[in-house]
Amino acid sequence: MSLIPYALARPFLFGLDPEAAHELTLHTLAKAQGTPLAWAYCNGRVEDPVTLAGLKFPNRVGLAAGLDKNARCIDGLGAMGFGFVEVGTVTPLAQPGNPKPRMFRLPEANALINRLGFNNDGLDAFIANVKRASFRTKGGGTPMLLGLNIGKNAATPIEDATSDYLKGLDGVYPHADYVTVNISSPNTKNLRALQSDEALDGLLGAVAERREALARQHGKRVPIFVKIAPDLDEAQVDVIAATLQRHGMDGVVATNTTLARDAVKGLKHAEETGGLSGAPVLEASNRVIRQLRAALGKGFPIIGVGGILSADDAVSKIKAGADVVQIYTGLIYKGPDLVKQAAQAIKAA
């Protein structure tokens, strides 16, 4: 249990602009990690190990990419009890993202809309931050795992997207427990077109080839996951599943944010452009997870993400077919105790 209950901090944070609250939280985590101040938010980790893609996950609850785009707070986030933390999305070159305001709360729906647009400090700064993290040197139990999430720069034409992903893969490969190829953010123009049959085939073929070269160079084979959208029909999911298997990808992250607004119609900010996350995404994400599991069969790793606001929500993802889950918006609404609650519930299920 964290020393300072999140219920005390939340009114202050929710009184700030959402992006300002986000930045303040990350700045505080970055300063406090590795110091006695970390006791304010740290949680004991639930031990519930599971092996996927050749990796031993200490438990089945992770942090989704997007919260810590620059990998500044790996140790601080790990202290919340996560079995794995995924940071990024990082692009080869630094970029400011979309114009502000670009993050909006919908508290009546336990939801967020963001159109941040892969704002980040670029690959070199990202890797420097990853290298500074000390989570791998800490004793006690199975080490937390680190996922590094890569994307393309907004200025890179979609037909040249593969070159950005290969640059990202080259950079993060030596430092990652697994790499996630993000082709599903709705906030980079045309990015989701990479989920189509021909484009995905070309991209993953190139990624698989480069991974073989990197495995020889570094003497280790790093698993590669692909992150997809919830706004896919069954035929599209089937094509993606077949393409993942054809190119030897190690797993899939399902899902990113949604463009759908049915669940939040009429609420303030509901019509803002961007990806909707939080409670309204739960069922859409679970639907895609079920379809993926049916298409991929047993044994193909699925990371379930989208709409986990409670321990029961986390268990619903496992029941839908996910092997492990990730949290992001739930952390903002419910605080760090959600991590432990979800991990305990999954362990008991």
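No value in this document is a laboratory result; all are computed from the given coordinates. Keep in mind the model is a prediction, meaning the values are calculated, not measured. Cβ placement follows ideal geometry from the backbone for every residue including glycine, while neighbour counts extend to all protein chains displayed.
The relative contact order of region 218-337, computed from alpha carbon pairs under 8 Å that lie at least 6 residues apart in sequence, is 25 percent.
Judged by the mean number of other Cβ atoms found within 10 Å, the most tightly packed of the peptides 189-197, 271-279 leads the ranking 271-279, 189-197. On the beta carbon distance between Lys56 and Asp262, with R0 = 41 Å, the FRET formula returns roughly 0.55.
Relative contact order for region 138-203: 32 percent, from Cα pairs under 8 Å spaced at least 6 residues apart, divided by residue count.
Amide hydrogen proximity for Val325: with H placed 1.01 Å from N in the peptide plane, the residues at 5 or more positions away or on another chain lying under 5 Å are Val61, Gly62, Gly304. Secondary structure note: in the chain, about 30% of the DSSP beta bridges are antiparallel. Using alpha-carbon pairs under 8 Å, 6+ residues apart, how would you state the relative contact order of the chain in percent? About 18 percent, as a whole number. Pairs with C-alpha atoms separated by more than 27 Å, drawn from the list Lys138/Lys220; Lys265/Lys298; Lys69/Lys334; Lys100/Lys340; Lys69/Lys265, are Lys265/Lys298; Lys100/Lys340; Lys69/Lys265.
Working from label points 7 Å from Cα in the Cα-to-Cβ sense, the Leu16 to Thr35 distance is 1.6 nm. Helix-only arithmetic for the chain: the sum of -39500 (n - 2.57) across DSSP H runs with n ≥ 4, divided by the residue total, places the mean residue ellipticity at 222 nm at -11500 deg cm²/dmol.
Note on Asp124 and Ile158: their simple-model spin labels are 3.1 nm apart, each label 7 Å out from Cα toward Cβ.
Packing, taken as the mean count of other beta carbons within 10 Å per residue, orders the peptides 108-117, 64-73 from highest to lowest as 64-73, 108-117.
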